[in-house]
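The block underneath contains the structure these notes are about, expressed in structure tokens.
The values are calculated or read from the model by the stated rules, or taken from the named source; none is laboratory data. Quantities reported herein were computed from a predicted structural model and do not represent experimental measurements. Cβ coordinates were reconstructed from backbone atoms using ideal geometry, including for glycine residues, and neighbour counts include every protein chain displayed.
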Amino acid sequence: MYATIETLQLMTVSEEIASMIVQSDVADQYRASYIALNNDRTAQDIIQRFTKTKELYEDVQRFGKYHPDYKEIRKSMSEVKRELQLNETIAAFKQAEDAIQLLLDETSFLIAQSVSTSVKVPAGNPFFVNTGGGCSTGGCGTGGKCGCKTK
């Protein structure tokens, strides 16, 4: 690949965007919550118990209700999962993780849309998935009654 002036400019701009994301409040919050999560012994214990219980649960799932420990492991899985969800440090980390993921998804979506509206952007957020239907495409099925443009 040959380096052209245009390629070098694109690389410079992409590095600036990456730097802005790294220096953003969202990224700072993510890093702070990550450090807090790693330093919280209670949260780490819950995560370790969840991991062990998940392995047992996956083994039980192979046999379903015929496994001798089916009910006990399902119950313990529910308990540790609830404990995981109620821990404040883990919840804060999950929120920060979702926020940084949303920022990255929105950024890649905006970049893709600036190239072309038909560029598909892979993202975990269903808001960004181009399914080919919905009001923005005129495929909502109401014939334009909702205010969208019909094809």
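Worth a mention:
- Residues located in the range 38-77, provided they are within 24 Å of the chain's Cα centre (by Cα) and small (Gly, Ala, Ser): ALA43
- Within the range 1-108, helices (runs of 4 or more DSSP H) holding 2 or more residues that are loosely packed, with under 11 Cβ neighbours inside 10 Å, among the aromatic types (Phe, Trp, Tyr) and in contact with a Leu (Cβ under 6 Å, 6 or more places away or on another chain): none
- The listed residues are GLN29, GLN61, GLN44, and the only one of them that is under 23 Å from ALA91 (Cβ atoms) and without any contact (Cβ under 8 Å) to a residue 40 or more places away in the chain turns out to be GLN44.
- Residues within the range 75-92 that are over 26 Å from GLN29 (Cβ atoms) and touching a helix residue (DSSP H, G or I) at 6+ places or on another chain (Cβ under 7 Å), tallied: 3
- Taking each residue of the range 76-105 that is hydrophobic (A, V, I, L, M, F, W, C) and looking for partners that are modelled with pLDDT under 95 and not in a helix (DSSP H, G or I) with beta-carbon atoms closer than 7 Å, six or more apart or interchain, yields LEU102/ASN125.
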